[in-house]
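Here's the structure we're looking at; comments come further down.
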Amino acid sequence: MITLNVNGQERKVDADPSLPLLWVLRDELGMTGVKFGCGAALCGACTVHLDGEAVRSCGMLLGEVAGKKIVTIEGLDAHGNHPVQKAWRQVNVPQCGFCQAGQIMQAAALLAKTPNPSDEEIDTAMAGNICRCGCYQRIHTAVRVAATGV
Amino acid sequence: MTHINQTSAAPAKSARHVIENVSRRGLFAGAGAAGAFVLMARLGPSTARAADSMHYDTGGMGMPHGMVSDPHVFISIDPSGQVTIVAHRSEMGTGSRTSLPMVVAEEMDADWSRVTVVQAPGDEPKYGNQDTDGSRSLRHFYQPMRDCGAAMRMMLEAAAAKQWGVPVSDVAAGLHEVVNKTNGKKLGYGALAVAASAMATPATDTLTFKDPATYRYIGKGNVQIVDLFNITTGRATYGADVKLPGKVYAVIARPPVVGGKVVSFDATEAMKVPGVIKVMEAKGWQPPGTKFLPLGGVAVIAKNTGSAIQGRDKLKIVWDDGPNKTYDSVAFRATLEESARNPDKVVRKLGDADAALKSAAKVVSAEYYTPHFSHATMEPPVGLVSVTKDGAEVWAPVQSPYGTREDLAKLLELPIDKVKVNVTLLGGGFGRKSKCDYVLEAGLLSKAMGVPVQVQWTREDDLQHAFYHTVAAQKIEAGVDANGKVVALKHACAAPTILSTFKAGADHLMPLEQGMGLVDLPYDVPNILALNGKADAHARIGWYRSVYNVPHGFAMQSFIAELAHELGKDPKDMLLEIIGPPRIDDMRKQLTDELWNYGEPWDTHPIDAGRLRRVAEMAAEKAGWGKTLPAGEGMGIAAHRSFVSYIATVVHVKVDGKGNISVPQVDYAVDCGFHVNPERIESQFQGAAVMGLTLAKYSAITFKDGRVEQSNYDNYPMVRIDESPKVTNVHVVPATFANHASGVGEPGVPPFAPALCNAIFAATGKRIRSLPIGNQLA
């Protein structure tokens, strides 16, 4: 048994330490807001916060994250009203929506450290997150809206 | 999703068209008769419909199971007043799951804030056609959904009039209530629900419609997509998100060469991986001609997806690669180019282009090449199936839920009423999820295992076992007379056909493929010859967003800019000269095969050069065409009709000294006829610009020794936010109902790559004739 701290709760997991965190969160703990897109830390769909840093959960192993604070999209805000989430809705960002939880987690981590990012800082921070539908213009706008107040 | 009790009475007889004709799905089901229209009209007694000013015919009548407009099927009203509307098309990001129910709500005058949308399972006899592809959802179902809402409103009005004992003419629906015009009394939709549901559905020809001037939602862009909150909170349900007790997780090692099969395998090490439950051979079929049947291979089933993947990595498999093991993209390109230079089939002939070329003062000629693409939806294919003694139940992101149901029923030898297909949200579709192979795989494994099985494709699986966009070689020649007038246009294409996936040996383009930019160009040139060369398929060829319009549009729209350069003309002026004056260009008699007009009747959706011309002019004007740009910058234009919409694109590009491309601005002019949700139209075209930029810069699936050389987003890259167009402006041509609705999801893609490459030429003088651009500018 490995004990994880996910969204402020202790969760016990009976799985091999070599299992990527993504699959622990999704298939063992039911946190299906975390998405599988590439399995190689190339697309950002599985982004979660690990001690406040945005990380790709497909690239983290279960054995590496015990004792660290993990936050998923489900735990970003109890009511789904984190400023980034509100901005995403105000700007009507999503098309298919599949990548958006990862995008939102990435943006929230950026703004936690850099509350008023430049355009270039937004693009640099968000460049690890692919959106195949091509919502980038609105993603950029929504990060700006979240930074300046929704 | 709120659960709403069904308060409607049992489904009543209603107006409906059921004509089975031709669609991608239907056509391929009868693939031997490509191009033949098989009409099986089953017209009900109330379907006779005069072509009045508020109705026109669409290709929707020709799709499998046609269209249904019965409010008893699509609407239920709870006594509390909550209205539930069924969305029967799949949602993959285009917004149809919001926009079609919005049409119903508008016409029944419901308050959108009191509407719940529920997703229909795959059931076409009940809901009408559900094949969510071909940019058809609004194009075909705008009218039935409007009829549905109007009928519901009239039933509510009739119920109120009956209750008050007054003539119907004394009452009128307002927002979510019916008002007695003589005394101002009101009855809410909730209070009227039971009585209204007992009313007979009005016949289509008796329906009355709202004055568009009173619309609250249609055309306003003020309605957000129904899944917005759930998407932003991680609560939206996609294919892999369905929680089902006892479900297990599978991945499959598929033959590395399409058409290959397993000779033997050793699962010893795989079974040692913690969490792995079972390893078994997965039944497979060998293309070509196998439609969506699984490729087979070796399945690893585990208690979670990650363990299944780890187990698969440990498998030792001996494969028989089969006949495609020599497929090589470099060698095949040469074969295709030879075929495009010596095409053996005339597909369109106007005048005598060969003679005109011979006598021309100047001949301009160029060859173009576009490679295979893969859809690379962010959500890789995934399907969950539970097979029990009672039948099979599916939860999956599918574009064709009823096609999936038919195919699974056939494969598992179950009556179709023993198969249920629940449709989740799709994490992208682009045509990939019209092919249900991943569901069929899960069905076979669930049957074998006796428990619910979810088959997850990894990104590597997705890129290496896809139904690829075709690879195409094209040659275009133009003859120019002594006055600089283009007198001949000769366009040859050689590309494997999608039909090969359905019928072994198919080696020429179907009418459906010819009609996507090879034979349907409304150009004012007196001698036009379009040709098609033979091309064999060595991979599974499928449809990818906008399909054959991508290669055809790239070649011809690049070529027109090349002509402009050769003749010393402005590219926009050259484009307008080739399009010519406003007119309906009826080239049907010039074609060898029947014109495929996206399934639409010619009379309602003719090919209108004037509309193409107008979007080209509009895009140029909005973009500031002709303004002076700094060195290293340029603008390019392209205009292309597809999915019966008319689209023009101007791309502004900057190319730095190292050949790096950036795109400060894109302007799309869009004539998609009457439209419902301009906010989603804008998002579709913004997205099309990104997909167009990705395919132009990067996309190529290549084969060596029969194996796909790409594996993940590192070697099949996507445009990311830092290289995305900074601003994409979408200018939608205003239209009334008299301008028939056309497609939006796909037609933004074809003009982008040629407009970009034309801009690159303007900026650098380098002409791109082969995609992707890759390092050609370095």
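Output the residues belonging to the range B:644-654 that are over 14 Å from B:SER724 (Cα atoms) and either charged (D, E, K, R) or open to solvent by 10 Å² or more (accessible area, probe 1.4 Å) (or both).
Just the residues of the range B:644-654 that are over 14 Å from B:SER724 (Cα atoms), to begin with: B:644-650.
Answer for the range B:644-654, where residues must be over 14 Å from B:SER724 (Cα atoms) and either charged (D, E, K, R) or open to solvent by 10 Å² or more (accessible area, probe 1.4 Å) (or both): there is none.
Filtering A:GLY97, A:GLY59, A:GLY44 for residues that are on the phi < 0 side of the Ramachandran plot and of a type in the set (Gly, Ala, Ser) leaves a single hit, A:GLY59.
Restricting A:VAL65, A:VAL91, A:VAL71 to residues that are open to solvent by 10 Å² or more (accessible area, probe 1.4 Å), within 13 Å of A:VAL48 (Cα to Cα), of a type in the set (Val, Ile, Thr) and more than 8 Å from chain B (Cβ to nearest Cβ) narrows the list to A:VAL71.
Residue pairs whose Cβ atoms lie under 8 Å apart, sitting 6 or more positions apart in sequence or on different chains, and linking a residue in the range A:98-109 that is surrounded by fewer than 24 Cβ atoms within 10 Å (Cβ to Cβ) to a partner that is among the charged types (D, E, K, R), are A:ALA109/A:GLU53.
Residues are listed down the side, and each one gets a yes or a no for (1) closer than 30 Å to B:ASN597 by Cβ; (2) not β-branched (Val, Ile, Thr):
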| site | (1), (2) |
| --- | --- |
| B:SER113 | no, yes |
| B:VAL117 | no, no |
| B:ALA120 | yes, yes |
| B:ASN129 | yes, yes |
| B:PHE141 | yes, yes |
| B:ARG146 | yes, yes |
| B:ARG153 | no, yes |
| B:ALA159 | no, yes |
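When B:PRO725, B:PRO750 are checked against the criterion of being closer than 27 Å to B:ALA564 by Cα, touching a residue at least 40 places away in the same chain (Cβ under 8 Å), in a loop (DSSP other than H, G, I, E, B) and within 12 Å of chain A (Cβ to nearest Cβ), B:PRO725 stands alone in meeting it. From the list B:TYR598, B:TYR668, the one residue that fits, being open to solvent by less than 10 Å² (accessible area, probe 1.4 Å) and more than 16 Å from B:LEU138 (Cα to Cα), is B:TYR668. Just to verify a result, which residue in the range A:2-26, among those that are in contact (Cβ under 8 Å) with a residue 40 or more places away in the chain and open to solvent by less than 10 Å² (accessible area, probe 1.4 Å), is farthest from the other protein chains (Cβ to nearest Cβ)? Taking the candidates together, the pick is A:LEU4. For the range A:42-62, the set of residues classified as among the hydroxyl-bearing types (Ser, Thr, Tyr) and either within 8 Å of the chain's Cα centre (by Cα) or away from every other protein chain (no Cβ under 12 Å) (or both) consists of A:THR47 only. If you go through the range B:205-248 and pick out every residue that is part of a helix (DSSP H, G or I), more than 14 Å from chain A (Cβ to nearest Cβ) and not charged (D, E, K, R), you end up with 4.
This table checks each residue for (1) free of Cβ contacts under 8 Å to residues at least 60 places away in the same chain; (2) open to solvent by 50 Å² or more (accessible area, probe 1.4 Å); (3) over 23 Å from B:VAL382 (Cβ atoms).
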| site | (1), (2), (3) |
| --- | --- |
| B:GLN224 | no, yes, yes |
| B:THR233 | yes, no, no |
| B:ALA240 | no, no, no |
| B:LYS243 | yes, yes, no |
| B:LYS247 | no, no, no |
| B:VAL251 | no, no, no |
| B:PRO255 | no, no, no |
| B:ALA270 | yes, no, no |
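Applying the criterion of at least 3 residues that are modelled with pLDDT of 95 or more and in contact with a strand residue (DSSP E or B) (Cβ under 6 Å, 6 or more places away or on another chain) to the strands (runs of 3 or more DSSP E) found wholly in the range B:106-204 leaves B:115-119, B:177-180, B:186-188. When B:GLY351, B:GLY403, B:GLY429 are checked against the criterion of being away from chain A (no Cβ under 14 Å), small (Gly, Ala, Ser) and under 27 Å from B:LYS283 (Cβ atoms), B:GLY403 stands alone in meeting it.
In the range B:82-130, the qualifying residues are those that are open to solvent by 10 Å² or more (accessible area, probe 1.4 Å) and without any contact (Cβ under 8 Å) to a residue 40 or more places away in the chain, and the one that is farthest from the chain's Cα centre (by Cα) is B:SER113. Filtering the range B:365-393 down to residues that are touching a Leu at 6+ places or on another chain (Cβ under 8 Å) and among the aliphatic types (A, V, I, L, M), which residue is nearest to B:PHE332 (Cα to Cα)? Here the residue is B:ALA376. Being under 26 Å from B:ASP211 (Cβ atoms), more than 14 Å from chain A (Cβ to nearest Cβ) and open to solvent by 20 Å² or more (accessible area, probe 1.4 Å) is a property that does not hold for B:ASP70. Please find, within the range A:27-41, the residue that is most open to solvent (accessible area, probe 1.4 Å) out of those that are at the interface with chain B (Cβ under 7 Å from one of its Cβ atoms) and farther than 21 Å from B:GLY428 by Cβ. That would be A:GLU28.
Any residue at all in the range B:695-705 that is of a type outside the set (Ser, Thr, Tyr), within 14 Å of chain A (Cβ to nearest Cβ) and assigned to a strand (DSSP E or B)? Steps first, answer last, please.
Initially, the range B:695-705 is screened for residues of a type outside the set (Ser, Thr, Tyr), giving B:695-697, B:700-701, B:703-705.
Now drop any that are not within 14 Å of chain A (Cβ to nearest Cβ), which leaves B:695-697.
Now restrict to residues that are assigned to a strand (DSSP E or B): none.
Checking the range B:695-705: not a single residue is of a type outside the set (Ser, Thr, Tyr), within 14 Å of chain A (Cβ to nearest Cβ) and assigned to a strand (DSSP E or B).
Against the condition under 30 Å from B:CYS436 (Cα atoms), open to solvent by 10 Å² or more (accessible area, probe 1.4 Å) and aromatic (Phe, Trp, Tyr), how does B:PHE141 come out, does it pass? Judged against the criteria, B:PHE141 is not a match.
Among the residues making up the range B:545-570, those that are open to solvent by 10 Å² or more (accessible area, probe 1.4 Å) and within 14 Å of B:GLY479 (Cα to Cα) are B:GLU562, B:GLU566, B:LEU567.
Against the condition out of contact with any His (no Cβ under 7 Å at 6 or more places or on another chain) and open to solvent by 10 Å² or more (accessible area, probe 1.4 Å), how does B:LYS435 come out, does it pass? In short, no.
Filtered by the rule that a residue be more than 7 Å from chain B (Cβ to nearest Cβ) and touching a Phe, Trp or Tyr at 6+ places or on another chain (Cβ under 7 Å), the range A:94-150 gives a lone residue, A:ALA142.
Return yes when B:ARG680 is among the basic types (Lys, Arg), part of a helix (DSSP H, G or I) and within 14 Å of chain A (Cβ to nearest Cβ) and no when it is not. Taking the combined requirement at face value, the residue satisfies it.
Can you say whether B:ILE252 is within 14 Å of another protein chain (Cβ to nearest Cβ) and in contact with a Gly (Cβ under 6 Å, 6 or more places away or on another chain), as far as the supplied structure shows? So B:ILE252 fails the test.
Check the range A:128-136 and report whether any residue there is among the polar types (S, T, N, Q) and either over 14 Å from B:ILE721 (Cβ atoms) or over 16 Å from the mean Cα position of the chain (by Cα) (or both).
no
Residues in the range A:114-123 that are assigned to a helix (DSSP H, G or I) and over 18 Å from B:VAL690 (Cβ atoms): A:GLU120, A:GLU121. For B:LEU771, only one of the following conditions fails: (1) surrounded by fewer than 24 Cβ atoms within 10 Å (Cβ to Cβ); (2) among the aliphatic types (A, V, I, L, M); (3) touching a Phe, Trp or Tyr at 6+ places or on another chain (Cβ under 9 Å). What is its number? Unmet for B:LEU771, out of (1) surrounded by fewer than 24 Cβ atoms within 10 Å (Cβ to Cβ); (2) among the aliphatic types (A, V, I, L, M); (3) touching a Phe, Trp or Tyr at 6+ places or on another chain (Cβ under 9 Å): (1).
The values are calculated or read from the model by the stated rules, or taken from the named source; none is laboratory data. Here the structure is a predicted model, which is why all the values come from computation and not from measurement. Virtual Cβ from ideal backbone geometry, glycine too; neighbours counted across all protein chains shown. Ligands, DNA and RNA are stripped out before the accessible areas are found, and what is left, the full protein with its side chains, is counted by its heavy atoms. Shrake-Rupley method; radii C 1.70, N 1.55, O 1.52, S 1.80 Å.
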